[in-house]
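Trainee: Have a look at this one.
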Amino acid sequence: MLRAHAAAHRQQPKTTGVSSERRFFGRKTAVKSLLYAILLTHLVFTGYPFVWMVISSFKSNKEYFANPWGLPSEWRFDNFAKAWSEGIGGYLFNSLYITLFSVIGLLIVATLIGFYFAARPFKGSGLLLGMFFLGMLIPVHSTLIPLFMISNRIGTYDTFWALFFPYIAFNLPVAVFLSYGFFREVPREIEEAATVDGCGIYQSFFRVYFPLAKPVLATVTIVSFFNIMNDFVFPLVMISKESLKTLPIGLMMFKGNFSADYSLISAALVITTAPILMLYMFLQKYVHKGVVAGSVKG
């Protein structure tokens, strides 16, 4: 009897261990299921408007109102040709032109600043860096009136330069923050090896550091591309020439005073969304690394 009692006593911890392990995995499964449910709900609420926009772009305007939630009875591809002939191509070109040049300028300036602060810290560099980061707290549109007056005075109003410099300046704090965090994590031995090979500081940057910064470059490109491409207020204030108007302003022209062809507007929106989606799909593998690299403490 004593042997049986001892055997039962030896078995008890194993039973308790198995049950606690089951509870742990059960709790983990419940948390994971709840997380998936939240993500799925978020996907439905954010993804359905895009799907609805694409479906609506293939309908006639009459069917758009008669059956707003269903599939089109006849898929009308001519909406895209009509939207293009109405001038959406010109607005798209203007937006891509100012966005591409602004993003390229931003990448060069931001990575140079971030690299210099990370690789060559000097007395007062922390204060200067803090001033860049404080720029993230300034509401962009609070500078609209002063920028309009400056642009008028120096003669850049109604030109792309009126948008080019503000776009670089407004996206610079986030870009410097991300690039500085990335370059701080790069081992100093790499720069020492480049110096031994005869590279100066700028040669080290362009030949060694810049190619390594692909994740940060991709993240800054996508974030700033979204901001600039979708900006409505600055082109509305700074640009009045029809030939220089950008997409957000051009889309407004598709709506008349008393009526609007919403299927045509949907087709125009699909055309304007396509470049952003393609860019994101091309660069998405670098975005996560770039965000993580920029989140390290300075």
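The values are calculated or read from the model by the stated rules, or taken from the named source; none is laboratory data. Since this is a predicted model, take the numbers as computed values, not measurements. Here the Cβ positions follow ideal geometry from the backbone for every residue, glycine too, while neighbour counts run over all protein chains shown. These area figures cover heavy atoms from the full protein model, side chains too; ligands, DNA and RNA do not enter into them. Shrake-Rupley method; radii C 1.70, N 1.55, O 1.52, S 1.80 Å.
Trainee: For the chain, give the percent of accessible area contributed by carbon and sulfur heavy atoms, probe 1.4 Å, rounded to a whole number.
Mentor: Values: 12880 of 18620 Å².
The computed percentage sits at 69.
Trainee: Still on this structure, please answer the following. Explain nothing, just the number: relative contact order of the range 85-242, from Cα pairs under 8 Å at least 6 residues apart, as a whole percent.
Mentor: 40
Trainee: Placing +1 at every Lys and Arg Cβ and -1 at every Asp and Glu Cβ, with all other atoms neutral, what dipole size does the range 43-191 have around its Cα centre, in debye to the nearest 20? Don't skip to the end; give the middle numbers.
Mentor: On the way: 9 positive and 8 negative charges, 61 e Å.
Dipole magnitude for the range 43-191 comes out near 300 debye.
Trainee: Ok, one more. Taking only DSSP H segments of four or more residues, each worth -39500 (n - 2.57), what value at 222 nm results for the chain once the sum is divided by all its residues, to the nearest 500 deg cm²/dmol?
Mentor: Details: 13 runs with 219 residues, N = 298.
Per the formula, -24500 deg cm²/dmol.
Trainee: Let me ask something additional. To the nearest 0.05, how large is the calculated FRET efficiency for A260 and V51 if R₀ is 25 Å and r is the Cβ-Cβ distance?
Mentor: Details: r = 21 Å, r/R0 = 0.84.
About 0.75, to the nearest 0.05.
Trainee: Taking θ = phi - 60°, what integer Hz values does the Karplus form 6.51 cos²θ - 1.76 cosθ + 1.60 yield along the range 62-79, in sequence order, with x for Gly and Pro?
Mentor: 3J(HN,Hα) across the range 62-79, in whole Hz: 5, 6, 4, 7, 6, 9, x, 9, x, 6, x, 5, 9, 7, 9, 7, 5, 4.
Trainee: Ordering R120, R153 from largest to smallest accessible area (1.4 angstrom probe), what's the sequence? Could the numbers behind the result be given before it?
Mentor: Details: R120 85, R153 210 Å².
Solvent-accessible surface, decreasing: R153, R120.
Trainee: Compare F177, F115 by solvent-accessible area with a 1.4 Å probe and give them largest first, with all protein chains kept in place.
Mentor: Values: F177 70, F115 5 Å².
Per-residue accessible area, sorted high to low, gives F177, F115.
Trainee: Here is a further query. Mind giving me the nanometre distance, one decimal, between the label points for L128 and L40, set 7 Å out from Cα along Cα→Cβ?
Mentor: It works out to 5.3 nm between the two label points.
Trainee: Report, in order of residue number, the helices in the chain meeting two criteria: a C-alpha extent of 24 Å or more along the helix axis, and a mean Kyte-Doolittle hydropathy of at least -0.5; treat each whole DSSP H run as one helix. Numbers along the way, then the final one.
Mentor: On the way: long enough: 2-56 (80 Å, 0.14); 89-119 (44 Å, 1.74); 161-185 (36 Å, 1.08); 262-294 (42 Å, 1.19).
Flagged H segments are 2-56, 89-119, 161-185, 262-294.
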